[in-house]
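I have placed the structure first, in the form of structure tokens, so that the comments after it can refer back to it.
The values are calculated or read from the model by the stated rules, or taken from the named source; none is laboratory data. Quick caveat: nothing in here was measured; it's all calculated off a predicted structure. Note that we place each Cβ from the backbone using ideal geometry, even for glycine, and neighbour counts take in every protein chain shown. Please note that ligands, DNA and RNA were not included when accessible areas were found on the heavy atoms of the full protein model with its side chains. Shrake-Rupley method; radii C 1.70, N 1.55, O 1.52, S 1.80 Å.
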Amino acid sequence: MEYLHYTFQSETLCIGERIKKGTFRPTVMTIPYTTITGALKTYFGGDEIHAVGCIESYDAKDYLTYSPRDRGVGVSKIPISLEFLVNVRGHVYILKNTETERLPDKFELRMGALRVKGLGYTQFTKNGIIEVNENQLMYGELNTRIPIEHLDKFLVKTVKPVYGYLLKPVSLSKAVYVKSLFEGSEVYAPWFLIKGGVGYGYSR
């Protein structure tokens, strides 16, 4: 299989954890399938975009407190503190197909939480194409989050899973939780999906 490899940078990025009734939401320290795939589909359109990512580095963590409003009664709810990362750099890997091979070498979009507050403005630069087959898989810890239904698109073979749920949009107004493989799972996978694997492979 072939994957488009993009590097990205963002001044402020928050992939917020959803904690029921919690007043503090930490940021996820990776780029889940649903986050980057949803952002790309919203920006470019198309149904056959499949992407994952990982964070390579960031300069600091910061915090933002806001009070979401209850639209039904028009009053603010309990304030929520949300964690975000500053000056983030990372990698995104997009399954190459007839839809994605036409993506530009450079583009900009917003992803993650609190985009209306100005967070998540991200710049992407194409770094090349990576070709991987099942004979080149590495053993290690997964460095991203992928729905179980899409593991085959990234050649991921589960050894010792860490499961969780990702929120997957199914329309403009509806989303469902889907069972997913989380970071820290022991797997066989392409080098770029293994913790510490960034930089060991190559792009052409």
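One table, with the values for the structure above:
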read-out: Rounded tilt (10° steps) of 33-44 against the dominant C-alpha axis of the chain; value: 90 degrees
read-out: Max mean-square fluctuation residue, GNM over the chain, Cα-Cα springs under 10 Å, options Asp62, Asp47, Asp105; value: Asp47
read-out: Most mobile listed residue (Ile49, Ile146, Ile78) in the chain, GNM with C-alpha springs under 10 Å; value: Ile78
read-out: Carbon and sulfur %, accessible surface of the stretch 2-193 computed with the full protein complex present, 1.4 Å; value: 48 percent
read-out: Cα gyration tensor shape of the stretch 80-161, rounded if a/c is under 1.5, else prolate or oblate by comparing a/b with b/c; value: oblate
read-out: Net charge, Gly140 excluded, C-beta distance under 10 Å - Lys, Arg +1, Asp, Glu -1; value: -1
read-out: q = 0.08, 0.10 Å⁻¹, the chain: log10 I(q)/I(0) [Debye, one scatterer per Cα]; value: -0.27, -0.42
read-out: Solvent-accessible heavy-atom area per residue, rounded to whole Å², over the chain at 1.4 Å; value: 54 Å²
read-out: CD proxy at 222 nm, helix term only [per DSSP H run n ≥ 4: -39500 (n - 2.57); per residue of the chain; nearest 500]; value: -2000 deg cm²/dmol
read-out: Mean Cα-pair separation over length for the chain, i.e. relative contact order, pairs under 8 Å, 6 or more apart, %; value: 25 percent
